[in-house]
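Q: Before we start, here is the structure in question, set down as structure tokens.
Readers should treat all values here as calculations from the given coordinates under stated rules, not as data from a laboratory. Since this is a predicted model, take the numbers as computed values, not measurements. Neighbour counts run over all protein chains shown; Cβ positions are idealised from the backbone, glycine included.
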Amino acid sequence: HDLWLQYAEITGDNLKNTYLDEIQSVTFSSQSETTGKAQEELQIAWRSFFGQELAVNTTLQNKALWLATEKELPKPLQQQLKTDFAHINEEGFLIKKLQFKGKAIMLISAKKEIGLLYGTFRFLKELQLHQPIEKIAITDSPKIQKRVLNHWDNLDRTVERGYAGFSIWDWHLLPELIKPEYIDYARANASVGINGTVLTNVNANSLVLSPQYIEKVQALADVFRPYGIQVYLTARFSSPVETGDLETADPLDPEVRKWWKNKADEIYQSIPDFGGFLVKANSEGQPGPNNYGRTHVDGANMMAEALAPHNGIVMWRAFVYSEDDPEDRAKQAYSEFVPFDGQFAENVLIQVKNGPIDFQPREPFHPIFGAMPDTPLMMEFQITQEYLGFSSHLVYLPKMFQETLETDTYTAGKNSTVAKVIDGSLSHKKLTGMAGVANIGNESNWTGHPFGQANWYGFGRLAWNPYLDSRTIAEDWLKMTFSTDEEFVRTVSDMMLQSRESVVKYMTPLGLHHIMATGHHYGPGPWVSNLSRPEWNPVYYHKADSLGVGFDRTTSGSDALSQYANPIQQEYENPETTPEEFLLWFHHLPWDYQMKNGKTLWFNMSSTYQEGVEEVQKMIQTWQGMKKFVDEQRFQKVSMLLQIQLKEARWWRDACLSYFKQFSKMELPENVPQPE
Ligand code: GCW
């Protein structure tokens, strides 16, 4: 349960002696709560790496680790490190081996205390990865400002789309009882630079804004503060009414505006560094400004106004699609938000899911990215695997996150990637953010599947730097979590990187989407057609019939393609030039449509399902070969879960193929077993 902060004993004599020789003591120039945490972490690590404490000295000794902010450094050193400091931002750090007054020093420095903590975690990571440190010189800073987990945790401790037990927030025993898990949670987040947490579900309960709960939230905020983590809450739009205070929640009503102002003031009294609100409005039955004939701008700006004096922000979600709107669901958010570009207050971030439908195994990027140059846009990824086999399937998500981030939107010419929209560099945004819907619960290993931890870890790394390669992240995680053995790291990282494509193959190949079973979204359900809202039915998305399969989103269909820039629009208009992984996302094609390999669509669809199953079989074999590198408990757990994954990959293949076969009326390729 130590996640990636295992600090496994360093056994090789050489390495151990070198490290212990290089670092013989530590000196802190600043004494703050945050540097106190750095000190604690160093001791946890030292005990675990070397079975001993690290000596703390008030005066700087030879071969010392030295933690000091820029201001605390003597002038000549400040001068010497000028260019390094010019390279880092307020949360960044530098780690440098240098000579100072005849002493060999390992310096960790930063503009602010939090940078010292980040630098400490980074330094400890170097040791976890068994890197040489005698010439270390690292400067690093986050490229995104708000790096936030979204917990869909309810006050009764159930977690919407949570598959790792109940909520870690034990509201009943707060504020008095501070569980050690809260501290470990903060350490894990700080170690990857996550600096915010939204404690509550976006399907929000206004009770959390009551004085009784604010006291509980304050207790958590106090625990997280030294780790640089701000707390945020979800704000239910109708709260002024639900609390019994007012008769309306109309955002243009002065009484309502005053209500939110007072509420914000009240929260900041207890939590001076409160982050702000996350809001799901007018979506899936949640109340919002539309209920009063007002717009998203009216709603978001009202809350922004209440938070602004305290430097709080509003994260306003663009995940909207309406019951009465006949328009293709994939188009609605864009239609509703893009016209408001430039009208949101400065402290509003529009939080957009990575794709236009809903956290599918594969989606094209959301067309809002790049289409609102005058509005700060925040990425929302889902770490919990709602549509990807919950916490029973091994799916390494950073590979998928990377795919979205590096996609070119072409909205400001070539190389206008989603990452550049999110880090603000494409259109000079001051406020930037990335959110991840957490997969954390009270299971002893935090995430249910041991490999789910990699998705939490990887989200944090990409929020810090959206240009990172998911392979590097997987390798780092494996070394810190399991073993630094080369064979192990190479083999298992290959398996992780492949795992995302495998889930696409056995669930939704070739651009199919949203064909999961109703409600819980676990397992296949392409046949479902009787739900009250048309866009909740899988048949709405695959549109299979005797003529073919797929959703026509070209000009002859819903024209969702028109929301993308060129050349995407032009290329995807034609099935021949549409990337095959998005074929059925954008086109309705005959079953015998000829694909690039000369075979029919039906042949390709069926063999891809089969490949997905075979790839899970291969994962099982690969994992079996890793027994000697992994402790018994984790080894067995992953083995058993992979068996579930295999059973369910076959379930997906058989269910989908036997369903679609009624329409295609074509034979399955020879290597694909007949569904029973
Ligand atoms: O993914 C869907 C989920 C809902 C969720 C919603 C949202 C919190 O099925 O459970 O509600 O999206 O993101 O708001």
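Q: State, as an integer percentage, the relative contact order of segment 13-140 based on alpha-carbon contacts under 8 Å between residues 6 or more apart.
A: Result for segment 13-140 is 28 percent.
Q: Further question: Regarding segment 610-669, what is the average projected area of its C-alpha convex hull, in nm²?
A: Reported value for the Cα convex hull: 4.2 nm².
Q: How do 640, 495 rank when sorted from fewest to most other Cβ atoms within 10 Å of their own Cβ?
A: 640, 495
Q: Calculate, in whole percent, how much of the Cα-Cα pair population of segment 1-56 lies beyond 12 Å.
A: 69 percent
Q: Return the whole-Å distance between the Cα centroid of segment 363-395 and the Cα centroid of segment 43-97.
A: A separation of 37 Å, based on Cα centres.
Q: Would you mind checking 399/543; 82/420; 263/353; 111/143; 331/399 for any pair whose Cα atoms are more than 21 angstrom apart?
A: With Cα atoms farther than 21 Å apart: 399/543; 82/420; 263/353; 331/399.
Q: Just to be sure I follow: if Rg is taken over the C-alpha atoms of segment 318-394 and Rh is the Kirkwood radius over the same atoms, what is Rg/Rh?
A: Taking Rh as the inverse mean 1/r over Cα pairs, Rg/Rh reads 1.02.
Q: For a quick check of your reading of the filter: which trypsin sites (Lys or Arg not before Pro) in segment 589-653 sit in a DSSP loop and have no more than 11 other Cβ atoms within 10 Å?
A: 596
Q: Another question, if that's okay. Among 147, 157, which comes first, then next, by fewest other beta-carbon atoms within 10 Å?
A: 157, 147
Q: For the chain, list log₁₀ I(q)/I(0) at each q in 0.07, 0.11 Å⁻¹, using the Debye formula over Cα point scatterers of equal strength and ignoring solvent, two decimals each.
A: Values returned for q = 0.07, 0.11 Å⁻¹ are -0.49, -1.18.
Q: So in the chain, what percent of DSSP beta bridges are antiparallel if you round to the nearest 5?
A: Of all bridge pairs located within the chain, approximately 30 percent are antiparallel.
Q: Two decimals is fine: what's Rg over Rh for segment 552-676, C-alpha atoms, Kirkwood radius as Rh?
A: 1.11
Q: Starting from the Kirkwood Rh over alpha-carbon pairs, what translational D in µm² s⁻¹ does segment 515-576 have by Stokes-Einstein at 4 °C and 1.567 mPa s?
A: Translational D for this selection: 98 µm²/s.
Q: Could you please rank 446, 464, placing first whichever residue has the fewest other Cβ atoms within 10 Å of its Cβ?
A: 464, 446
Q: Next question. Return the equivalent ellipsoid semi-axes of segment 146-473 as a descending list in whole Å, where each equals the square root of 5 times an eigenvalue of the C-alpha gyration tensor.
A: 27, 26, 18
Q: Per-residue ellipticity at 222 nm for the chain, helices alone: DSSP H runs ≥ 4 residues times -39500 (n - 2.57), over residue total, nearest 500 deg cm²/dmol?
A: Helix-only estimate at 222 nm: -12000 deg cm²/dmol.
Q: I've got another one for you. For segment 414-514, treating each Cα as an identical point scatterer without solvent, what Debye log10 I(q)/I(0) comes out at q = 0.12, 0.19, 0.20, 0.22 1/Å?
A: -0.55, -1.12, -1.16, -1.21
Q: What is the percent of Cα-Cα separations in segment 160-308 that go past 26 Å?
A: 27 percent
Q: List, largest first, the extents of the alpha carbons of segment 13-140 along their principal axes, each in whole Å.
A: 38, 31, 27
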